[in-house]
1. Go through the stretch A:38-96 residue by residue and tally those that are closer than 14 Å to A:ALA24 by Cβ, more than 13 Å from chain B (Cβ to nearest Cβ) and among the hydrophobic types (A, V, I, L, M, F, W, C).
2. From the residues in the stretch B:87-97 that are surrounded by fewer than 18 Cβ atoms within 10 Å (Cβ to Cβ) and among the hydrophobic types (A, V, I, L, M, F, W, C), which one is nearest to the chain's Cα centre (by Cα)?
3. For the stretch B:464-483, name all the residues that are of a type in the set (Ser, Thr, Tyr) and at pLDDT 80 or above.
4. Kindly provide the set of residues from the stretch B:310-332 that are free of Cβ contacts under 8 Å to residues at least 40 places away in the same chain, within 10 Å of another protein chain (Cβ to nearest Cβ) and not aromatic (Phe, Trp, Tyr), ordered by number.
5. Go through (1) among the β-branched types (Val, Ile, Thr); (2) within 14 Å of another protein chain (Cβ to nearest Cβ); (3) free of Cβ contacts under 8 Å to residues at least 60 places away in the same chain for A:ILE101 and report which single condition fails.
6. Could you please let me know if B:LYS206 is modelled with pLDDT under 80, exposed (fewer than 13 other Cβ atoms within 10 Å of the Cβ) and not in a helix (DSSP H, G or I)?
7. Of these, A:SER61, A:SER38, A:SER73, which one is under 19 Å from B:GLY316 (Cβ atoms) and either touching a His at 6+ places or on another chain (Cβ under 9 Å) or crowded, with 19+ Cβ neighbours inside 10 Å (or both)?
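The values are calculated or read from the model by the stated rules, or taken from the named source; none is laboratory data. Because the structure is a prediction, the values reported are computed rather than measured. Ideal geometry is used to build each Cβ from the backbone, glycine not excepted, and the neighbour counts take in all protein chains shown.
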Amino acid sequence: MLTILAKLLKALNSEQSPNQLAIAVSLAAILGLTPFLSLHNAVVLMFALWFRVNLSILLISYPLFAFIGYLLSPVFENVGLSILQSPSMLEMWESFFNTVIGRWSNFYYSGVMGSLAVSIIAAIILFPLTRIAVEAYREKWLVKIEQFKVTKMLKASKFWHLYSE
Amino acid sequence: MKVIRLWGVIAFFFLIALFAAGWYLVAPGVVKSGLESSGSEVLGAKVEIDTIELSLFPTGVQINGLQAADPDQPMQNLVEIEQIRFALDTDALLWKKLQIDELNLTGVQVGTKRTTSGELAKGRAAEQLSQQVSSIELPELTESEIRAMVAKADLITVKRLSELDASQELMEAYWKKELDAEENKKQIKVLESDFKRLTNRAKENKMNLLTDRKAWKKLKKDIKKEKKRISSLNEQFKIDQQTIKTQIAAVKAGPKADLKAVMDNIGLGNGVAGLSDKFLGPEFTPWLRKAIDLMSGMKSESGSSDQALVYSTEQGLKVQFKDNQLFPDVLIKKINLSGKDEKWSLNGSGANLGYFPWLVGRPATLDIEMNGSGKADFSLLSDWKDENEMQTKLSSTVDGWAVENFNLMETDLGSWVIKSARLNSSLDGEISMDKLDLSLSVILNQPNIKAPENLTGWQKTMASSLNQQKQLSIDVKLTGTLEQPTFKVNSSLDSMFTQAIGEKVKQQAEKLKGKFSEAISDKVGDLGELEQYTKGLEQWSEKLKLNDGLLDGLKIKF
């Protein structure tokens, strides 16, 4: 728990831009809400590793979204089924199904499609929200939180030093 | 600040390479354990594989030393295959399809000895006849389920009641018209007043009898006519009365007929025979049942033409879009199998075995021949025109195959073993999407059966009588449709079943009978009020008598 807290504070207090932190939360939402072993998650992982996305925030957020995804799986099934069965999109899905990427993406499973659709929407919403939250934290709360005993204790602990190195 | 981090790119490719290498190393183990566990689940006994070898160039699989234990005799293998070898078409693999050009099974043996028991610790127990009997789960229905079934049922009592109502209404209208109409009342009154008038005139002066001669004659004629009408009404009344009585009797018998129909529907209406059809039948043909389930499962869940088809899979619902790669997900273009033992040899071949079968485009065939102490063959031809049109022909014969030390059934008191017998069997029939017609006949000639030693009572009698039989036979007939198959089992072992489960069935049937009777009574209402229909008719009888009596009075005085 302390490790997670240390990672979180370290990331928030770092010099990384709010965008880097916000994109990490958004990518974690896609990784966590959708089945992990999916083709699109390889792309998400590639994006997270190649670009300067904050990996600590991504790793902290991932389990939370995975848990939410587990709880919402019946909803994802319904959403996915209605998207896949929508007559207006049938032609598009058929074309995609007949591509190698489409075939390996498993998008034709209602759970995959539903969770991906919901997670993309969540990622789009979470990006500006997280950015605003990080900016607000740094402007208004950073100094106050630095004064908290817990923060001071944490900063003095070996966890903090471990992550500072 | 650089946008791309170099170590991240390296880490990504390293992770991909690690995953691929890991999969390549782990895959044989994963496939092995997957095949073993799913095979064991289906068979009900251990399925074991020595090794699996995967090769990348060319993409191929080799399964070495496959053993499938016999669920009935765990120290024996049902089948043992030395090697299964096949190459996968990589182009098809790119489209997530398994296409096998030639599948070779060599060293196929049946009935080989095992060094360890093939029994599953917690798996399906050997499906033996007497165990089936004791483990049959008779239907336990809740109050609400019973009421729902009765509510849904097309009860004959309700039909008969409405027919009775309709008849009663018709009769009411008829009798009202005949006896209650003003015209009829007036006619009687006219006759009565004419009679009084003429009588008074005759009393005043006897000569008036002569004067009123014509009037008396007319009155006599009118009275006679009315009497005739009343007489014919009396006849009609008797007919109506009988009709109502018959209909009431039919309504009263209705709940019993309904009870039988509903009980038949759950397989308890006809005692052991009904139960055998419903519950014992499928157990005789577990593989057939599995095939039916598989084929039923193949049917899509969505029938709308402007929506893609949806299938239930282990990974959730799968929407099947139109596939331009017109070959099935799994296809074995050609299969060869061979094997032999000291006492027999086996050869078989097949072609175009695929899933989904309607995407294969050609009929699937499988032919197997065995030679040994007798002859056996199996032949399958399955032609799928499309998803909804399938025609499968099955035929198999076993001719004079010697059966030795075959475990017939396992009971609490021990094993029933066929020490020796000659087996003749035939399986023949067709399966299509809307019709099932399969017949299986198994005959054991000159059976020498070893029964457990501590038998008593009827079991002892049965054991000795079994050995006196020249033949033991079981005939299974499967008809109906894939959704609603009907099994008919006729066996010379029927008496054993009857004795074993007769009492159990009787108790359960009685228990459910009461509940169903109650639900039917609630639906059809109180039949005690049926007598009102007779009473309704009786009032017209009274009126008829009254009119008749009145006319009789006129006649006497006249």
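1. 5
2. Step by step, filter the stretch B:87-97, then rank; the result is B:LEU93.
3. Here is the first cut: in the stretch B:464-483, the ones of a type in the set (Ser, Thr, Tyr) are B:464-465, B:473, B:479, B:481.
If the condition is that a residue be of a type in the set (Ser, Thr, Tyr) and at pLDDT 80 or above, then B:SER473, B:THR479, B:THR481 are the ones that fit.
4. The answer is B:VAL310, B:THR313, B:GLN315, B:GLY316, B:LEU317, B:LYS318, B:VAL319, B:GLN320, B:LYS322, B:ASP323, B:ASN324.
5. Among (1) among the β-branched types (Val, Ile, Thr); (2) within 14 Å of another protein chain (Cβ to nearest Cβ); (3) free of Cβ contacts under 8 Å to residues at least 60 places away in the same chain, A:ILE101 violates only (3).
6. yes
7. Being under 19 Å from B:GLY316 (Cβ atoms) and either touching a His at 6+ places or on another chain (Cβ under 9 Å) or crowded, with 19+ Cβ neighbours inside 10 Å (or both) holds for just one of A:SER61, A:SER38, A:SER73, which is A:SER38.
Residue-by-condition table, conditions (1) modelled with pLDDT under 85; (2) of a type in the set (D, E, K, R); (3) under 30 Å from A:VAL112 (Cα atoms); (4) not in a loop (DSSP other than H, G, I, E, B):
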| site | (1), (2), (3), (4) |
| --- | --- |
| B:VAL262 | yes, no, no, yes |
| B:GLY274 | yes, no, no, yes |
| B:LEU280 | yes, no, no, yes |
| B:GLU301 | yes, yes, yes, no |
| B:VAL310 | yes, no, yes, yes |
| B:ILE332 | no, no, yes, yes |
| B:GLY361 | yes, no, no, no |
| B:ASP367 | no, yes, no, yes |
